[in-house]
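Beneath this line is the structure, given in structure tokens, with notes to follow.
The values are calculated or read from the model by the stated rules, or taken from the named source; none is laboratory data. Predicted model, so just to flag it, every value in this text is computed and none were measured. Here the Cβ is made from the backbone with ideal geometry for all residues, glycine too, and neighbour counts use every protein chain on show.
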Amino acid sequence: MALWLVRAGRYGEHEERFFDDNRIFLTWGALTETNLSVASDYNAIKALMLEHYPSEPARRVINWSGQVWAFALGMKPGDWVIVPKKHSGTIAIGEIQGGYEFDPNADEMYRHYRKVSWFSTDVPRSAFDQDLLYSFGAFLTVCEIKRNDAEKRVRAMGKKGWAVVPVTPPGTVATSQDDGLTTDDAEVDLEQVGRDAIAKVINQKFKGHGMARLVEAILKAQGFTTYLSPEGPDKGVDILAAGGAFGFDRPRICVQVKSGDAPSDRPEFTQLVGAMQGVSADQGLFVSWSGFKATVLKELPTQFFKVRIWSRDDLIEQLLDNYDKIDQDIRAELPLKRIWTVANPEE
């Protein structure tokens, strides 16, 4: 059995179809008219890619061919698949139920697919060890995850409700004689790796009420005057924020912060909406360190002019954007430095 990484678009634009249809799709634009079943091995896939991309550099075609091979021929029923979710900040995990299929009558981007049974679509990133998150950050649309016995560890996590399983000692990585790409072959998203490292420190130092304190510091750095509720039951109001030196200007924002290990669900979202009315807030901000369930994301269109959400990555992005203006006490607890690296390589 194997463990595969499949991305639902660069910006998560295909996530809804992945989970509504219980499928993973190979959303490769130039291949929309080509049934990959005609290819029986990697060399045949490579020949198809050369036909569709005659002017591309050979190294790029080889890279793409490995990814297409993995989807069309490498995956087997019973293998598991990982899909990092952009919108909710969580990880989806499922089991591949069948072979590669091609539907010429489907929408162009959804013609190549495999059926999947999803075990969970909302596993928090914090459930995974740093080395697994490193593998999930590979700059590939489709690849096998093999480093550090990843497949056995993720299956073991599934048996324990996605609890972290200790890292397997070195020297136990499985080998393969296939032609598909693995995360060992791929460039890694160093920005995401850095954010995962920052997240680990935040999780250690700002758990519970400390997370609300960190969010308040970010809002202050953005120019808001704030009120932080004392630790304990808050009835959906962790922070109040408003413009002006005294906090009398608009917008008036009611903030709810969840630092737990489970993704936030719709009842918590509706609690915030109710709390906004109770404190006469114009807008609301819902911060959930472990991300959001699909039930929350489906509420966003109806509350677009009222509520915004921050997942773990959103919070870290706001932290980095405002770090130089954040209170010195917070910076002392969370010391960071800026680095430069080469921009993301092309897939």
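For the reader, a short list of remarks on this structure follows.
- Residues (assigned to a loop (DSSP other than H, G, I, E, B), of a type outside the set (A, V, I, L, M) and closer than 17 Å to LEU140 by Cα) located in the range 11-52: TYR11, GLY12, GLU13, HIS14, THR27, TRP28
- Enumeration of residues in the range 116-133 that are under 13 Å from LYS85 (Cβ atoms) and either without any contact (Cβ under 8 Å) to a residue 12 or more places away in the chain or within 11 Å of the chain's Cα centre (by Cα) (or both): THR121, ASP122, VAL123, PRO124, ARG125
- Scanning the range 275-291 for residues that are buried (at least 16 other Cβ atoms within 10 Å of the Cβ), under 23 Å from the mean Cα position of the chain (by Cα), at pLDDT below 90 and not in a loop (DSSP other than H, G, I, E, B) turns up nothing.
- Filtered by the rule that a residue be in contact with a helix residue (DSSP H, G or I) (Cβ under 6 Å, 6 or more places away or on another chain) and over 14 Å from GLN97 (Cα atoms), the range 62-78 gives TRP64, SER65, VAL68, TRP69.
- Some residue of the range 21-35 being in contact with a Lys or Arg (Cβ under 6 Å, 6 or more places away or on another chain) and at positive phi: no
- Only a single item in (1) at pLDDT 90 or above; (2) out of contact with any helix residue (DSSP H, G or I) (no Cβ under 8 Å at 6 or more places or on another chain); (3) over 30 Å from TYR42 (Cα atoms) is not met by GLY194, and it is number (1).
- Residues that are closer than 15 Å to SER229 by Cα and in a helix (DSSP H, G or I) within the range 247-274 comprise just one, LEU272.
- The residue list THR183, THR175 contains one member that is crowded, with 18+ Cβ neighbours inside 10 Å, of a type in the set (S, T, N, Q) and at pLDDT below 90, which is THR183.
- Within the set VAL142, VAL123, VAL154, the sole residue that is over 23 Å from LYS200 (Cα atoms) and modelled with pLDDT of 90 or more turns out to be VAL142.
- Filtering the range 91-125 to residues that are more than 28 Å from LYS258 (Cβ to Cβ) and surrounded by 19 or more Cβ atoms within 10 Å (Cβ to Cβ) leaves ILE96, ARG111, HIS112, TYR113, ARG114, VAL116.
- Applying the set (1) more than 15 Å from the chain's Cα centre (by Cα); (2) aliphatic (A, V, I, L, M); (3) in a loop (DSSP other than H, G, I, E, B) to LEU140 leaves exactly one unmet item: (1).
- Qualifying positions in the range 142-154 - out of contact with any helix residue (DSSP H, G or I) (no Cβ under 9 Å at 6 or more places or on another chain) and either surrounded by 17 or more Cβ atoms within 10 Å (Cβ to Cβ) or not assigned by TED's automatic domain parsing to the domain that holds PHE25 (or both): ASP149, GLU151
- Sole exception among (1) in the same structural domain as VAL215 (by TED's automatic domain parsing); (2) under 30 Å from SER65 (Cβ atoms); (3) not hydrophobic (A, V, I, L, M, F, W, C) for THR341, by number: (1)
- Between ARG312, ARG252, the distinction of being buried (at least 16 other Cβ atoms within 10 Å of the Cβ), basic (Lys, Arg) and free of Cβ contacts under 8 Å to residues at least 60 places away in the same chain belongs to ARG252 only.
- Options ALA72, ALA8, ALA30: the member that is crowded, with 23+ Cβ neighbours inside 10 Å and farther than 21 Å from PHE119 by Cβ: ALA72
- Qualifying residue in the range 53-76 (condition: assigned by TED's automatic domain parsing to the domain that holds ALA92, in a helix (DSSP H, G or I), among the charged types (D, E, K, R) and at pLDDT below 95): yes
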